[in-house]
Amino acid sequence: MKTMINGLGMLALATATMLTVSCKDADKNEAPVPMVNEMHQETITDSDDLTLNGSQNANLEAVLKDYFNLKDALVADDNTKAKDLGMTLTKSLGSFFASSYTDSQQSELKDIIFRAKEHAEHIGKSDIKHQREHFKMLSKDLTDLVAITGTNMKLYEQFCPMYDGGSAWLSMNEEVRNPYYGTSMLTCGKVQRVIN
């Protein structure tokens, strides 16, 4: 029995050590894998150029701008700003028009937009812990959105192995700024793929 308890204690210690080291040593030398039609990070102003290809909806620009600004508020641990930006993103998602896409793409986009709006609304009304939970699902929705619409922008899908079993988000910059842990683990994560 004592051997079993010692063995479990060693296993717990090894697991804790691996989790602690995983963000510090996470594939620093591994090059990101290029991938077409996906997205990610950084604050965007109205003057920033989000060049979209001709088949894309012009309203995608507003959605991406609001998503990146929301991500940055979470990176800065700014609950109040994230609430405001969640509501702003809800409005820009509501203005997204999918009429220039095929019928099957329109159906997929409608479902994605519906889910993304729900997550953005929750972010607009929640504490920062709950905002981050919804941001994880929102990030997946926006990655799916960009996979359908495409973009000429170079975006980075970044990944944190520590948050909720592993969580991704999108960024415009290669440098990792973690929205799930903010200032407590700012650089935890890696670029897992490049979009475009």
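List of remarks:
- Close pairs (6 angstrom Cβ cut-off, 6 or more residues apart or separate chains): closer than 12 Å to Ser126 by Cα in the stretch 77-89, outside any helix (DSSP H, G or I) and modelled with pLDDT of 95 or more anywhere: Lys83/Gly124; Gly86/Gly124; Met87/Gly124
- Taking the criterion of being polar (S, T, N, Q) and in a loop (DSSP other than H, G, I, E, B), the residues of the stretch 55-105 that qualify are Ser55, Gln56, Asn57, Asn59, Ser95, Ser99, Ser100, Thr102.
- Out of Lys136, Lys140, Lys129, Lys117, sole residue that is without any contact (Cβ under 8 Å) to a residue 24 or more places away in the chain and either under 16 Å from Tyr181 (Cα atoms) or of a type in the set (Lys, Arg) (or both): Lys129
- Of all residues in the stretch 37-75, those that are surrounded by 15 or more Cβ atoms within 10 Å (Cβ to Cβ), at pLDDT 50 or above and either farther than 19 Å from Tyr156 by Cα or of a type outside the set (A, V, I, L, M) (or both) total 10.
- Matching residues, the stretch 154-196, being aromatic (Phe, Trp, Tyr) and over 16 Å from Tyr67 (Cα atoms): Phe159, Tyr163, Tyr181
- Ser167 satisfies every condition listed in (1) within 13 Å of the chain's Cα centre (by Cα); (2) surrounded by fewer than 21 Cβ atoms within 10 Å (Cβ to Cβ); (3) without any contact (Cβ under 8 Å) to a residue 60 or more places away in the chain except (2).
The values are calculated or read from the model by the stated rules, or taken from the named source; none is laboratory data. Since the structure is predicted, the reported quantities are computational estimates derived from the model, not experimental observations. A quick note on method: Cβ atoms are made from the backbone with ideal geometry, for glycine too, and the neighbour counts reach across all protein chains shown.
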